[in-house]
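Take a look at the structure set out below.
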Amino acid sequence: MALGIGVIGTGIMGSDHAGTLAASIKGARLVALSDADRERAAAVATVTGVERVHVDGFELISDASVDAVLIASPDPTHEALVLACLAAGKPVLCEKPLSPEIEGCLRVAAAEVAAGRRLVQVGFMRRFDPGYVAMRESLASGALGAPLLLHCTHRNASAPPSFESGMLISNSAVHEIDIARWLLDDEFEAVTVYRPPARAASALIDPQFLVLETRRGLLVDIEVFVNARYGYDVRAELVCEAGTLTLAPQAPVRVRSTGQDASPFAPDWRAHFAAAYRAQLQAWVRSIETGAPTGASAWDGYAATATGAACLEALRSGERAVVSLQERPALYDR
Ligand code: ISE
């Protein structure tokens, strides 16, 4: 029997996930949607052929037709909804961040540890992107020796006017923080955030340049620029002792026209990471069938929020900030 999935939040990401679940994920059936804006949920329900629409996410969690829950509601609502899923014993895939607050992440991890089994996955979808997966596999083969440095670029064409300086870190660079921990199998120890001179036209500190040091002494730099104008552009180069690994450009074709040879960019992350989002959902559904967890855990969600908090401190102070992480519970042993 197909697993009944309920999606909480039908904004940009929730409606995208709902569409993917309804169209192309094996072993799952999208059965319910919820959004504080009923009209918005109803519109997505019509497109995806879903009959059950709730206005309250907690009602969706207790809906008997829902076996597992995907949370894509506003960030501050995540913690309480994930805790409700844990209380109901239902597996949950929560969009990042698990909680914007370190304490909130720790409360979720503590509840999961108390439950004694992994039910929470955090939506760091880059772990399922074919490029990053190939990079990790090449590194694991040992052919290039040990990793030394990771250079990352994260550019958005534009950010909404509500984007504040800290969100370049908590909303955008947090993906690089997670993927670097996963690629290097290491935790961050300290961070420094540099910024170019302020621009008169805007109060937003954009771009920002983050330099992070891991416990093993590896270096990771992240340029994050959310109003780069030309398109969505994510790059990474891992420098190892005997060579480098670079993500290949994502465009499947180059276009020669009007005197130019061009490589088109996706307008945003949904198109750029479409394969990763699909693979993440399929792996999540499969992991519920098999009972073998996949993807980022609640502990990874905690480490990302805590490392992001140190970056925010470094941005504010202009000084190097130390990342302090608690001891990882055995439930999250890798
Ligand atoms: C957005 O919220 C995401 O999660 C995207 O993956 C990221 O690339 C973008 O910068 C964020 O604003």
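What is the P(r) of the chain, as percent of Cα-Cα pairs per 20 Å bin from 0?
All Cα pairs, binned at 20 Å, distribute as 30, 59, 11, 0 percent.
Taking every pair of alpha-carbon atoms in the range 111-156, what share in percent sits in each 10 Å bin, from 0 to the bin with the longest distance?
In order of increasing distance, the bins hold 18, 34, 26, 21, 1 percent.
Quote to one decimal, in nm, the extra length available between residue 195 and residue 26 on full extension: 0.36 nm per residue of separation minus the C-alpha distance between them. Intermediate values should be presented prior to the final figure.
Details: separation 169, 0.36 × 169 = 60.84 nm, distance 4.52 nm.
Roughly 56.3 nm would be gained on extension.
Under a plain spin-label model, where a point goes 7 Å from the Cα along Cα-to-Cβ, how far apart in nm are residue 146 and residue 290?
Spacing of the two 7 Å Cα→Cβ label points: 3.2 nm.
Could you point to the residue in 1, 77, 91 farthest towards the positive end of the chain's charge dipole, with +1 and -1 charges on the Cβ of Lys/Arg and Asp/Glu respectively?
1
Could you look at the range 136-288 and say what percent of its accessible area is carbon and sulfur, using a 1.4 Å probe and all protein chains?
Details: 4170 of 7570 Å².
Carbon-and-sulfur percentage of accessible area, whole number: 55.
Do any trypsin sites (Lys or Arg not before Pro) in the range 249-309 lie in a loop, going by DSSP, with at most 15 other beta-carbon atoms within 10 Å of their beta carbon, and if so which? It would help to have the intermediate numbers written out before the result.
On the way: sites: 254, 256, 270, 278, 286; in loops: 254.
Loop-located and lightly packed - 254.
With runs of 4+ DSSP H residues as the only contributors, calculate the mean residue ellipticity of the chain at 222 nm using -39,500 (n - 2.57) per run, divided by the residue total and rounded to the nearest 500. Walk me through the numbers before you get to the answer.
Details: 10 runs with 119 residues, N = 334.
So the helix-based figure for the chain works out to -11000 deg cm²/dmol.
Based on Cα coordinates alone, diagonalise the gyration tensor for the range 190-305, multiply each eigenvalue by 5, take square roots, and list the semi-axes in whole Å, largest first. Don't jump to the answer; show the numbers that get you there.
Working: eigenvalues 163, 124, 60 Å².
Working from the Cα gyration tensor, I get semi-axes of 29, 25, 17 Å.
Test of understanding: what is the full-extension gain from residue 58 to residue 328, defined as 0.36 nm times their sequence separation minus their Cα-Cα distance?
Working: separation 270, 0.36 × 270 = 97.20 nm, distance 2.91 nm.
This chain segment gains 94.3 nm when fully extended.
For the pair residue 46 and residue 270, how long in nm is the line joining their label points, each one 7 Å along Cα→Cβ?
1.7
For residue 47, tell me the accessible area in Å² from a 1.4 Å probe, rounded to the nearest 10.
Rounded to the nearest 10, that gives 130 Å².
Using the Cα centre of the range 143-229 as origin and beta-carbon charges of +1 (Lys, Arg) and -1 (Asp, Glu), tell me which of 198, 217, 167 is placed farthest towards the positive end of the dipole.
Towards the positive end, the residue furthest out is 198.
Filter the trypsin sites (Lys or Arg not before Pro) in the range 1-101 down to the DSSP loop ones having no more than 13 other Cβ atoms within 10 Å, then list what survives. Each step should come with its number before you reach the end.
Details: sites: 26, 29, 38, 40, 52; in loops: 26.
Filter output for the range 1-101: 26.
In the range 299-334, which chymotrypsin sites (Phe, Trp or Tyr not before Pro) fall in coil by DSSP and have 15 or fewer other Cβ atoms within 10 Å? Please list the in-between numbers first.
Working: sites: 299, 302, 332; in loops: none.
Answer in residue order: no site qualifies.
Work out how much length residue 39 to residue 12 would gain on full extension: take 0.36 nm times their residue separation and subtract the Cα-Cα distance, in nm to one decimal. All intermediate terms of the calculation are to be shown ahead of the outcome.
Numbers: separation 27, 0.36 × 27 = 9.72 nm, distance 1.46 nm.
Full-extension gain reported as 8.3 nm.
Given the chain, what percent of its DSSP beta bridges are antiparallel, to the nearest 5? Mind showing how you got there, number by number?
Values: 31 of 57 bridges.
Approximately 55 percent, going by the DSSP bridge assignments.
Quick check on the range 137-233: what does the Kirkwood estimate of hydrodynamic radius come out to from the alpha carbon pairs, in Å? Don't skip to the answer; put the middle values down first.
Numbers: mean 1/r = 0.0692 Å⁻¹.
The answer is 14.4 Å.
Find the accessible area per residue for the chain; the probe is 1.4 Å, ligands and nucleic acids are left out, and the unit is Å². Provide the component values of the computation, followed by the final result.
Values: 15280 Å² over 334 residues.
Counting only protein heavy atoms, the per-residue value for the chain is 46 Å².
Give me P(r) over the range 9-142, computed from all C-alpha to C-alpha distances, binned every 10 Å, as integer percentages.
12, 40, 32, 14, 3, 0
The values are calculated or read from the model by the stated rules, or taken from the named source; none is laboratory data. Computed from a predicted model, the values in this text were never measured in an experiment. Glycine gets a Cβ as well: all are built from the backbone with ideal geometry, and neighbour counts include every protein chain shown. These accessible areas exclude ligands, DNA and RNA; they are computed on the full protein's heavy atoms, side chains included. Shrake-Rupley method; radii C 1.70, N 1.55, O 1.52, S 1.80 Å.
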